[in-house]
Amino acid sequence: MKPDLFEAPDYYNLDELLTEEHKLVRDAAREWVKRDVSPIIEEFAQKAEFPNQIINGLAEIGAFGPYIPEEYGGAGLDQISYGLIMQEIERGDSGVRSTASVQSSLVMYPIWKYGSEEQRQKYLPKLASGEWMGSFGLTEPDHGSNPGGMTTNYKDMGDHYLLNGAKLWISNSPFCDIAVVWAKNEEGRIHGLIVERGMEGFSTPETHNKWSLRASATGELIFQDVKVPKDNLLPNKSGLGAPLGCLDSARYGIAWGAIGAAMDCYDTALRYAKERIQFGKPIAAFQLQQKKLAEMITEITKAQLLAFRLGQLKNENRASSAQISMAKRNNVEMAINIAREARQILGGMGITGEYSIMRHMMNLESVITYEGTHDIHLLITGLDITGLNAFK
């Protein structure tokens, strides 16, 4: 088992822009990843198994709903703190960050923003502590980039709702205690419902044979005449804008998280290049390797500044969906390119589990697709700057 020697790059002294609280939160997450994630993650990725033993640790570092008010069990932190936590967790593994992102932005966020006070009191403290884990049901087998086309639906049966349909590619589904599910009512209007494990007709089969996010549990949500209490409908927002608001929060976290994966690949490649001797000197002394490393740190620095400014806008409630899309798309592309370049610096060693690079590269193939594909985010930016809708 190799020691985690990670040193975070900060070429533009971004730390000077952070508050003491930001740095304390980040450093706590960083040390937890070094101690509890790095030593085990390669083994669990090879086994294609989620390390359930880390759930308590994720809760302890505030990774579940860090911006949720303390009265509901959250840490009451700002958006930059949330981003920094996601950065550090994804430095460890994108799949682990996915677990935290789903819990925070796709389960706790809609209950906090769209739920009743009773729902907040019932669910949020247990989700914040990790006692309950959640999943988010939007994507369907036939409706990915077009979530408005969903066919999952519910009918009013008088004293309850009857839910039918299926959701696919759902992080956390195999072990979730609750699922925030988006479905159409009889008028075709989209609403969110909280479905609890144990409800008759609700099942969560696991998805196997993944080459990506192997240390993350992925599955389906299947609803066959599930009776959902009327108290479980999220009352304060409906329509497609409701789940898209959750995705904004998740995409923001990904924009920070991807930086973590990129930093880990860069740091690994830099250390290797200084130690690997060829033709009588370290390969870091050769121009082509310096070109790769210089381009990596440049792109990481640009992504750090982009995410930090977006965090400021989020704190002021001024960040637009289009701005979040731009950061998610840019930073994930940056990270996957760096993973590929870093792999080349390590040569054949780069494909082994002795180093994290190939695992990051495979994970990022999912990250570049979920929460809005790479191309969809381009169209969101295109719509924003032209005012012309290329989706239809």
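Some notes on this structure:
- Where a residue in the stretch 246-272 is of a type in the set (D, E, K, R) and its partner, wherever it lies, is assigned to a helix (DSSP H, G or I), with Cβ under 7 Å and at least six apart: Asp248/Ser321; Asp248/Ile324; Arg251/Ile324; Arg251/Ser325; Arg251/Lys328; Asp264/Arg91; Asp264/His360
Every residue, every condition in (1) loosely packed, with under 14 Cβ neighbours inside 10 Å; (2) among the basic types (Lys, Arg); (3) under 23 Å from the mean Cα position of the chain (by Cα), yes or no:
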{"position": "Thr152", "(1), (2), (3)": "no, no, no"}
{"position": "Leu162", "(1), (2), (3)": "no, no, no"}
{"position": "Trp169", "(1), (2), (3)": "no, no, yes"}
{"position": "Asp177", "(1), (2), (3)": "no, no, yes"}
{"position": "Lys184", "(1), (2), (3)": "no, yes, no"}
{"position": "Val195", "(1), (2), (3)": "no, no, yes"}
{"position": "Trp211", "(1), (2), (3)": "yes, no, yes"}
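- Of the residues making up the stretch 312-340, those that are of a type in the set (Gly, Ala, Ser) and either surrounded by fewer than 22 Cβ atoms within 10 Å (Cβ to Cβ) or assigned to a loop (DSSP other than H, G, I, E, B) (or both) are Ala319, Ser320, Ser321, Ala322.
- Unique match (being of a type outside the set (D, E, K, R), over 23 Å from Lys302 (Cα atoms) and assigned to a loop (DSSP other than H, G, I, E, B)) among Ala8, Ala63: Ala63
- Qualifying residue in the stretch 268-276 (condition: under 21 Å from Ser38 (Cβ atoms), among the aromatic types (Phe, Trp, Tyr), open to solvent by 10 Å² or more (accessible area, probe 1.4 Å) and assigned to a helix (DSSP H, G or I)): yes
- Of all the listed residues (Leu388, Leu379), the sole one being modelled with pLDDT of 95 or more and either under 16 Å from Arg271 (Cα atoms) or surrounded by 15 or more Cβ atoms within 10 Å (Cβ to Cβ) (or both) is Leu379.
- Cβ-Cβ under 9 Å pairs, at least 6 apart or on other chains, the stretch 11-30 side among the hydroxyl-bearing types (Ser, Thr, Tyr), far side assigned to a helix (DSSP H, G or I) and open to solvent by 40 Å² or more (accessible area, probe 1.4 Å): Tyr11/Thr298; Tyr12/Leu305
- For Arg30, the requirement of being closer than 22 Å to Val332 by Cβ, open to solvent by 10 Å² or more (accessible area, probe 1.4 Å) and in a helix (DSSP H, G or I) is met.
- Of the residues making up the stretch 69-86, those that are in contact (Cβ under 8 Å) with a residue 24 or more places away in the chain, open to solvent by 10 Å² or more (accessible area, probe 1.4 Å) and part of a helix (DSSP H, G or I) are Tyr72, Gln79.
- Every condition in (1) open to solvent by 20 Å² or more (accessible area, probe 1.4 Å); (2) of a type outside the set (Phe, Trp, Tyr); (3) without any contact (Cβ under 8 Å) to a residue 60 or more places away in the chain is met by Gly350 except one, and the failing one is (1).
- Matching entry among Arg343, Arg359 (being under 30 Å from Arg271 (Cα atoms), open to solvent by 50 Å² or more (accessible area, probe 1.4 Å) and not small (Gly, Ala, Ser)): Arg343
- Number of the exception - Trp169 against (1) at positive phi; (2) part of a loop (DSSP other than H, G, I, E, B): (2)
- The residues of the stretch 98-127 that are open to solvent by 10 Å² or more (accessible area, probe 1.4 Å), over 15 Å from the mean Cα position of the chain (by Cα) and closer than 29 Å to Ala261 by Cβ, listed by number, are Trp112, Lys113.
- Members of the stretch 246-267 that are in contact with a Ser or Thr (Cβ under 9 Å, 6 or more places away or on another chain) and either open to solvent by 20 Å² or more (accessible area, probe 1.4 Å) or at pLDDT below 95 (or both): Asp248, Arg251
- Filter result for Asn56 (open to solvent by 40 Å² or more (accessible area, probe 1.4 Å), touching a helix residue (DSSP H, G or I) at 6+ places or on another chain (Cβ under 8 Å) and farther than 27 Å from Arg309 by Cβ): no
- Against the test of being farther than 27 Å from Pro66 by Cβ, free of Cβ contacts under 8 Å to residues at least 60 places away in the same chain and not in a strand (DSSP E or B), the options Glu131, Glu186 yield a single qualifying residue, Glu186.
The values are calculated or read from the model by the stated rules, or taken from the named source; none is laboratory data. Remember, predicted model here, so these are calculated numbers, not experimental data. Note that each Cβ is placed from the backbone with ideal geometry, even for glycine, and that neighbours are counted across all protein chains shown. Heads up: the accessible areas ignore ligands, DNA and RNA and are worked out on the full protein's heavy atoms, side chains in. Shrake-Rupley method; radii C 1.70, N 1.55, O 1.52, S 1.80 Å.
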